[in-house]
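Undergrad: Below you'll find the structure I mean.
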Amino acid sequence: MKRQRLTPYLLLLPGLFPIVAFMSLVVGMAVSQSIGYFNFAGDDRFSLEFWEGMLSQNQFWRVFWYSARIAILSSLISVMLAYPVALWLRRPFPGSDLISAMIKAPLLVHGLVAAFLFVNFISFQGFLNVALVKLGLIDRPIRMQNDSYAIGVVILQVWKNMPLAFLVITGSVRAIGDDILDAARDLGAGSLARLRRVILPLTLRALQAALILIFIGAAGDWSFQVVAGPTNIQSMAQFMHRVQSDNAAHGWNEAAVVAVMLMALSLFGSLTLAGLMQLIVRRMGR
Amino acid sequence: MTTLSRSTLFWQRQLLILLALAVFFVALVLPFCMAVLWSLVDPSTPWAYPAVLPPVLSLRRWVEIWTTSALPQAMYNSYTLAACVSILTLLLAMPTAYAFGRMEFPGKAVAQMLTLVPLILPGFVSAIFFSALLIELGLYSRFLGILIGHTVGLLPYAIRLLSVSFSMVRQDLIDAARDLGASRMVVFRTAYLPVLKPGLLAALIIVFILSIEEFAISYIVGAPDFTTVPTILYSYLGYNFIRPNAAAVSLILVVPNVLLMLIAERLLKSADPAVMTGKG
Amino acid sequence: MLRKVALFALAAVLPLAGIQTEAAAKDLAQMSWDEIVAQAKKEGQINWFHWYSQPAMREQVKAFETQYGIKVTIPDGDGKTNMDKFLAERNRQQGDIDVISLGGSSIQNFKAEELLFGPLKPLLPEGAKLRYVMEGTDNKGYAPAFWGNQTAIAYNPARVSQSELPHTLDDFVAFMRKNPGELGFNVENGSSGPGFIESVTRAIVTDIDYAQGASSPEKIAKLAPAWKWFKDNRNGYIITASNADSVTRLNGGEFKIIAAWEDQLAALQRKGEISKDIKMYIPSFGFPGGGNVIAIPANSKNKAAALVLINWLTSAKTQTEFAKSFGIAPQHPEADSAVALIPAADRKFSIVWAAKPFGDEIKKGFINQVTQN
């Protein structure tokens, strides 16, 4: 009997133990290096100097808010684009399979490849510039690569993540029974009211899941930023990598502070966004 | 009245489909055509300002990349690594997935949440501090390091996919086989295997692809001399930027994976959305 | 039983193997060159960590591979990660690096006697003819020079006429006013852009001895006027992603002028990747030039093969070939220097890179004070 109760936990070991061990070691490494332990350059000792040093840098906060801004914009735009499309494709019609296959296609394209395709497309010799010049809209090609407002990065994030949002939302939109919608219609609810009172509340969880996933991915982005991002500011991941490799003596400790802040941004930022979404949906439902 | 609204609905729909096709064309087809065009630029005749189209096209660049770049080595590294990662991941995931798919026990929900943790840790945080860990442990084998990193990072996908497969095995079939006195092996073959097989294959392929595509750990742990296909693409996009070569390597990274993924999706007709996510 | 025997055998052989390689390493000094070549062939393979033009370099070493039957592997790492790996492996008994290319002055970052095998000067048959002082750094015979190069301004004659080209600092300001966004240089991924940053900085901040590598906060603070110059002209220039990105975008017609390496541009032109019309010059306030050296880490596994490769690389024949296909300044006294991209009259404007670690502070200062602020 006792053995039977233990069985499921024993079965969990091979899959769950590596994950828990690896994650706690890696996060533990980052946290302890940020407070002066596992020092590669000198003696281990508890110290908050790396935290004080990093958090008093203007540059750090610029980078922090930059990544936060990219993450918020990317997740909101992706979800806002994906939602109406998912509603439109709720019930199949001729051609709907083709469209959802087309929407999902970017999921199969590697982030670095996407960044390259994009930069190639908007570059000075790229298709877009050539087309604009040929159409007579501009005299000379426009410089769009690595724009300083990071519009390129947001476009790439949306391009890559809108399909993800679409997949997550589609599942929950399709799960809404027709009977619920019919009942709402019989009670005299117009299409806008049905959206506000029935569809949105029922798909809230999926909306939040999509927001959280995209926010975390965009906040920790490296590939898009390095290839297509502005040259006058770095993302958190890029900044962390640079601090680690440039500042020989205490690079690891300072990078660890950035890492902990990035984890905090991912966690609290995405949860806040999900919470706000819940508030808005509740408000609208009233 | 109804016919009228039906036909406007029809035209609306056609218009929207056309719009979707146009967006798809601009966002995906055109950029890929550009990449193909760039990869065909003849190595000895530059495509320079003010030429609008490349002056000479040839396949010579593909030959040259294959013979002079580290691409064959990178592909060998990527593919052997991915094979090891996918087998190891599946072996580790199976017992756990069985417990999630076919058993009820206290703490199951918490355990399921815990398996998803690697998905929410930013990739570069885990890559950089995993490499710190490797330095601390004195582990110099990059292959082993990346193998561990990929296996742990991809376990959540395998566990989720296989849990679904295990939960679809029908208890009445298992009971019937047992009642007929079948041995454990026979029960597994007749009741489990047919249901598990597509899920297993799909999980194998998906983990394989995600391992090939993984960039952060491969780059941080593997640098400078253990290259995989994404890290070589990164070097062609950064320090060694030569646009036509980057175009060719991009195509090499994307095309085989798309084909594999299409097979995986066939296998997983009832695909769970969250596990189909590509990591960039 | 069998397993026990195997374990014993292994335990007996392992220390022996260690002693053998130790002995081999010591013996190289006593061996004749022919014996070294024979030992090299026995080793049969070699890992050369080199950080640029690897594909073309793999083509070049094919001649070496057929001549000696030694397989050369050139990984794709960049300069920074190669250096990090070299330093990270210092305490390993045997490292992965057999031969490493280094920037002339980067030897200032570590102690050559501890981390490098050598000195190579007495070991190489032509060792006495080679050059061991590079970029103001004397490496005391540990690392012969094999690559000479120069940073300069490259321009696209399809976009800009020769008379418009800026030569002094004032010219540059006027040029940027008149042509905003037509000057491109990189900060990360290669040092052609940092070379430009250094020349401007040195032309503006003249009361520092750039041959002294020591760094201090006061010394760094003195660079402020240079950062002001770059900030005041922020709309005049564009920061690109890498050496190669600058060249690609110059070739695509996006820029009129860029900062670039002479050898990189020449190699791309000879290869046909970019237009042959692109030309170079050195502004009169001076652009840094120097070169790279090659060394064997103290924990290299294949030292004899490493020596043979270095001998081949630094030979008059290979240096002549490199001058032809890479546009380098050859480093063997008997090598032919080929046609250069930069006019001979401009060579007098070549300056030596600022000594490190202070030299690196210039680039870091630019990032912290100009781009990220």
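The values are calculated or read from the model by the stated rules, or taken from the named source; none is laboratory data. Since the structure is predicted, the reported quantities are computational estimates derived from the model, not experimental observations. Counting neighbours? That spans all protein chains shown, and the Cβs are built from the backbone with ideal geometry, glycine included. Keep in mind that these areas ignore ligands, DNA and RNA; they rest on the heavy atoms of the full protein, side chains included. Shrake-Rupley method; radii C 1.70, N 1.55, O 1.52, S 1.80 Å.
Undergrad: Counting only residues that are at the interface with chain B (Cβ under 10 Å from one of its Cβ atoms) and either open to solvent by 10 Å² or more (accessible area, probe 1.4 Å) or assigned to a loop (DSSP other than H, G, I, E, B) (or both), which one in the stretch C:235-248 is farthest from C:ASN186 (Cα to Cα)?
TA: C:THR248
Undergrad: Is at least one residue of the stretch A:205-212 open to solvent by less than 20 Å² (accessible area, probe 1.4 Å), under 15 Å from A:ILE70 (Cα atoms) and not acidic (Asp, Glu)?
TA: yes
Undergrad: Does the stretch A:155-170 include one or more residues that are on the phi > 0 side of the Ramachandran plot and open to solvent by less than 20 Å² (accessible area, probe 1.4 Å)?
TA: No, there is no match, as no residue in the stretch A:155-170 is on the phi > 0 side of the Ramachandran plot and open to solvent by less than 20 Å² (accessible area, probe 1.4 Å).
Undergrad: Would you please list the contacts, defined by Cβ atoms under 7 Å and residues six or more apart or on different chains, that run from a residue in the stretch B:135-159 that is facing another protein chain (nearest Cβ under 8 Å) to a residue that is surrounded by fewer than 22 Cβ atoms within 10 Å (Cβ to Cβ) and among the basic types (Lys, Arg)?
TA: Qualifying pairs under 7 Å: B:TYR140/C:ARG92.
Undergrad: Tally time: how many residues in the stretch B:88-134 are open to solvent by 40 Å² or more (accessible area, probe 1.4 Å), outside any loop (DSSP other than H, G, I, E, B) and free of Cβ contacts under 8 Å to residues at least 60 places away in the same chain?
TA: 9
Undergrad: Still on this structure, I have one more. Go through (1) in a helix (DSSP H, G or I); (2) loosely packed, with under 15 Cβ neighbours inside 10 Å for B:PRO55 and report which single condition fails.
TA: If we test B:PRO55 against (1) in a helix (DSSP H, G or I); (2) loosely packed, with under 15 Cβ neighbours inside 10 Å, just (1) comes out false.
Undergrad: Looking at the stretch B:166-180, is at least one residue assigned to a helix (DSSP H, G or I) and touching a residue at least 60 places away in the same chain (Cβ under 8 Å)?
TA: Yes, that holds for at least one residue.
Undergrad: Turning to a different aspect of this structure: Wholly within the stretch A:1-101, which helices (runs of 4 or more DSSP H) include no fewer than the required count, namely at least 2 residues that are free of Cβ contacts under 8 Å to residues at least 12 places away in the same chain and open to solvent by 40 Å² or more (accessible area, probe 1.4 Å)?
TA: By residue number, A:2-34, A:58-88.
Undergrad: While we're looking at this one, here's another question. Which one is nearest to C:LEU250 (Cα to Cα), of the residues in the stretch B:220-246 that are assigned to a helix (DSSP H, G or I) and small (Gly, Ala, Ser)?
TA: B:ALA246
Undergrad: So, in the stretch A:158-205, exactly how many residues are of a type in the set (Val, Ile, Thr) and within 14 Å of another protein chain (Cβ to nearest Cβ)?
TA: Residues that pass the stated criteria total 6.
Undergrad: Taking the stretch A:124-153 as the search range and keeping residues that are within 18 Å of C:ILE238 (Cβ to Cβ) and in a helix (DSSP H, G or I), which one is farthest from the other protein chains (Cβ to nearest Cβ)?
TA: The extreme case among them is A:ILE151.
Undergrad: Could you figure out which of (1) touching a helix residue (DSSP H, G or I) at 6+ places or on another chain (Cβ under 8 Å); (2) touching a residue at least 60 places away in the same chain (Cβ under 8 Å); (3) within 28 Å of C:GLU254 (Cα to Cα); (4) not polar (S, T, N, Q) isn't true of A:ASP147?
TA: (1)
Undergrad: Identify all residues within the stretch B:36-52 that are open to solvent by 20 Å² or more (accessible area, probe 1.4 Å) and either of a type in the set (A, V, I, L, M, F, W, C) or touching a residue at least 40 places away in the same chain (Cβ under 8 Å) (or both); write none if there are none.
TA: B:VAL36, B:LEU37, B:LEU40, B:ALA51, B:VAL52
Undergrad: Still on this structure, please answer the following. Limited to the stretch C:134-148, what total is found for residues that are touching a strand residue (DSSP E or B) at 6+ places or on another chain (Cβ under 8 Å) and open to solvent by 20 Å² or more (accessible area, probe 1.4 Å)?
TA: Number of matching residues: 3.
Undergrad: Is it fair to say C:ARG177 is within 14 Å of C:LYS363 (Cα to Cα), open to solvent by 40 Å² or more (accessible area, probe 1.4 Å) and modelled with pLDDT of 95 or more?
TA: no
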